[in-house]
Amino acid sequence: MAEQLTGINKILIANRGEIAVRIIRAARDLGIPTVAVYSDVDRAALHVRYADEAVHIGGPRPADSYLKQDTLIEVARRTGADAVHPGYGFLAENADFAGQVIDEGLVWIGPPPDAITTMGDKHAARLAVTRNNVPLIPGIEAGLSNDDLAEAAKSIGFPVLIKAVAGGGGKGMRPVHRAEDFQTALITARREAESAFGNGDVYLEKLLHGARHIEFQILADTHGNTVHLGERECSIQRRHQKLVEEAPSVFVDTELRQRMGEMAIAAAESVGYVNAGTIECLVDRDKNYYFLEMNTRLQVEHPVTELVTGVDLAKEQIRIARGRRMGPTESILHPKGWAIECRINAEDPYANFMPSTGQITTMILPTGPGVRVDSGVYRGSEITPYYDSMISKLITWGETRSEAMLRMRRALSEYRIMGLKHNIPFHINLLNSISFIAGQIDTNFVEQRFNMNTYEKTPTATQLETVAIAATLYAHRKRRLASQVVAPAKRDASNWKWMGRFERMHR
Ligand code: MV4
């Protein structure tokens with residue numbers, strides 16, 4: 001029986017850069033034309049060149065272009081676009097904009113405005129998901145007086161974390177280790193939240209140490225079907241900016257994946273979620289997991305999930321918005337192989353990751369087996385201070401984590417970007433880091449245990465063998481890690497030989 005589908009004949013992409021390009025590609029694969037929008041500095045951007053039509057919408061500052069809600073809707077009207085995809089950032093998690101798009105009779109390729117609102121209020125999100133028995137970090141709900149919060153902090157037990165109700169993504173958090181520091185920290189936290197979000201409400205959680213940041217991708221259609229597509233390990237971050245993501249996580253076995261996946265589905269269902277979304281969790285050393293927040297958008301790191309599941313998430317978003325019913329999915333998800341993403345940013349890793357701007361004078365992209373590059377720039381493009389510093393995303397896939405890592409090292413060594421500072425040296429050093437190779441990471445890793453200088457010197461062959469053996473033994477004890485360890489090496493040949501030997505050992 002034919003399904004009643006919403007027509008989508010042309011999509012307005014309310015975004016720029018690599019994610020705009022990514023959505024254009026998905027639309028083209030579905031045979032749907034696209035309209036790009038651009039600011040003064042994006043006239044020659046890749047998303048403008050790739051789209052079927054492009055409309056200039058204003059000045060370089062986001063408030064003068066990519067955030068102009070009325071202008072964007074007007075452009076949709078004028079060009080005959082009947083759907084809007086927001087990408088990530090800008091208006092992607094703006095419930096008012098989503099509502100306005102829908103009220104205009106356009107298709108919003110994203111979640112229902114109510115779900116955006118609930119998940120955007122971290123307190124409301126906790127209340128919603130806990131009704132579906134989603135585990136929360138022990139904490140206390142918002143709306144309490146300063147004195148009540150101080151009492152609550154004592155009953156939770158120090159250290160606690162003060163979080164802004166309107167925060168998220170690490171903004172507006174303040175750890176407190178001792179009762180005597182609590183009132184001062186609370187006043188500061190409220191003031192910061194008030195000035196950053198116009199909302200001084202805060203709540204408390206027990207502060208977790210040394211946890212991993214693991215998130216689950218979900219897809220929900222308009223017919224009440226919600227599925228999960230497994231996890232992404234996102235612990236490699238610096239100041240709440242993710243630098244490397246991988247799927248699956250070395251820490252998650254089939255049983256944990258199934259339990260956490262079901263939890264993620266329950267969290268999404270608690271707000272009547274539709275379209276693509278991500279459930280962020282903290283997972284402690286004992287594999288206790290807790291809901292942190294839900295991102296109600298397609299995320300930067302979605303490609304690693306695409307590579308291990310074979311699902312085109314951007315395409316699924318459009319199909320879901322059209323009303324397509326998701327087909328039956330297997331109850332147990334088995335990710336195929338391993339994918340790693342390195343965010344290539346115009347930032348100097350030798351100067352505290354200071355942003356670097358300027359023209360890209362040379363750009364040679366890596367290719368070859370298992371390599372994907374999602375980029376919105378090309379040789380001659382300017383990296384300006386107006387937008388984030390991401391130049392591209394380099395994603396590799398392999399049958400095993402080892403193979404994905406070796407391909408990443410190959411790709412990083414092929415990649416040439418000139419004209420500005422970039423963080424490829426950081427990624428090369430990270431892929432030589434024993435802790436990273438062994439999967440021994442948590443959210444403090446880059447800031448507290450990783451040092452650009454420590455890994456600069458290429459280790460000797462003997463050192464590498466020693467480390468490889470140690471990592472192997474460690475991994476062997478942990479069993480699940482066994483096929484995921486690889487020794488860094490100077491030459492790929494010896495690396496492959498080493499890996500082959502390693503993998504034969506574990507067959
Ligand atoms: C936490 C936490 C420790 N304990 N909550 C940061 C982003 C936001 N989604 C929540 N975050 C955290 N919440 C408790 N109770 C540590 C973090 C955190 C973090 C989380 C995910 C990824 C990176 C992070 C880096 C520092 C702190």
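Find out how many positive minus negative residues lie around Gly58, taking Lys and Arg as positive, Asp and Glu as negative, among other residues whose Cβ is under 14 Å from that of Gly58. If you can, show how the numbers build up before the last one.
Details: positive: Arg16, Arg43, Arg61, Lys68; negative: Asp40, Asp42, Asp64, Asp70, Glu74.
My count for the surroundings of Gly58 gives -1.
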Practice item. Using amide H atoms built 1.01 Å from N in the peptide plane, name the residues 5+ places from Asn199, or on other chains, whose amide H lies under 5 Å from its own. Key: Glu194
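Let's test the formula: R0 of 25 Å, r as the Cβ-Cβ distance of His223 and His334. What FRET efficiency results, to the nearest 0.05?
Working: r = 25 Å, r/R0 = 0.99.
Once rounded, the FRET efficiency stands at 0.50.
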Check your understanding: When only DSSP loop residues count, what trypsin sites (Lys or Arg not before Pro) in the range 122-215 have their Cβ near at most 13 other Cβ atoms within 10 Å?
Key -> Arg131, Arg178
Exercise for review: Using only Cα atoms, locate the centre of the range 9-48 and the centre of the range 392-414, then give the distance between them in Å, rounded to an integer.
Suggested key: 27 Å
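Within the P(r) computed for the range 386-440, what percentage of the Cα pairs occupies the region above 16 Å?
Values: 714 of 1485 pairs.
Pairs farther apart than 16 Å: 48 percent.
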Point to revise | Förster radius 41 Å - calculated FRET efficiency between Ala179 and Ala63 (Cβ-Cβ, nearest 0.05) | key: 0.45
Review point. Along the range 318-326, what does the Karplus equation 6.51 cos²θ - 1.76 cosθ + 1.60 (θ = phi - 60°) give for ³J(HN,Hα), rounded to whole Hz, x for Gly and Pro?
Key: 5, 4, 4, 4, 6, x, 5, 7, 6
Check your understanding: Over the alpha carbons of the range 82-169, what is the largest minus smallest coordinate on each principal axis, giving the biggest first in Å?
Key -> 54, 25, 20
Exercise for review: Sort all Cα-Cα distances of the range 277-435 into consecutive 10 angstrom bins from zero, then give the percent of pairs in each bin up to the one containing the longest distance.
Suggested key: 9, 30, 35, 20, 5, 0
Review point. How big is the range 6-52 in terms of Cα radius of gyration and Dmax, in angstroms?
Key: 10.3, 35
Practice item. Return the long-range amide H neighbours of Gly59 (sequence gap of 5 or more, or a different chain), with a cut-off of under 5 Å between placed amide H atoms. Key: Asp40
Exercise for review: Output the Cα-based Rg and Dmax of the range 1-148 in Å, rounding Rg to one decimal and Dmax to a whole number.
Suggested key: 18.5, 61
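Report the equivalent ellipsoid semi-axes for the range 298-353 in whole Å, largest first, defined as the square roots of five times the eigenvalues of the gyration tensor built from alpha carbon atoms.
Numbers: eigenvalues 198, 52, 9 Å².
Each semi-axis is √(5λ); the values are 31, 16, 7 Å.
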Check your understanding: Which whole-Hz couplings ³J(HN,Hα) result when phi for each residue of the range 256-261 is put into the Karplus expression 6.51 cos²θ - 1.76 cosθ + 1.60, θ = phi - 60°, listed in order with x for Gly and Pro?
Key -> 5, 4, 5, 5, 5, x
Review point. Considering the Cα trace of the chain, what is its radius of gyration and what is Dmax, both in angstroms?
Key: 23.0, 67
Review point. Tell me, what ³J(HN,Hα) does each residue in the range 294-300 have, in order and in whole Hz, if you take phi through Karplus 6.51 cos²θ - 1.76 cosθ + 1.60 with θ = phi - 60° and put x for Gly and Pro?
Key: 10, 9, 9, 7, 6, 9, 3
Check your understanding: Quick one: length gained pulling Arg324 to Asn444 fully straight, 0.36 nm per residue minus the C-alpha distance?
Key -> 39.1 nm
Practice item. Starting from the amide H of Glu293, placed 1.01 Å from N in the peptide plane, find each other amide H under 5 Å away whose residue is 5 or more places distant or on another chain. Key: Glu280
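A short reminder: the numbers here are calculations on the coordinates, not readings from a lab. Not measured: the values here are computed from a predicted model. Here the Cβ is made from the backbone with ideal geometry for all residues, glycine too, and neighbour counts use every protein chain on show.
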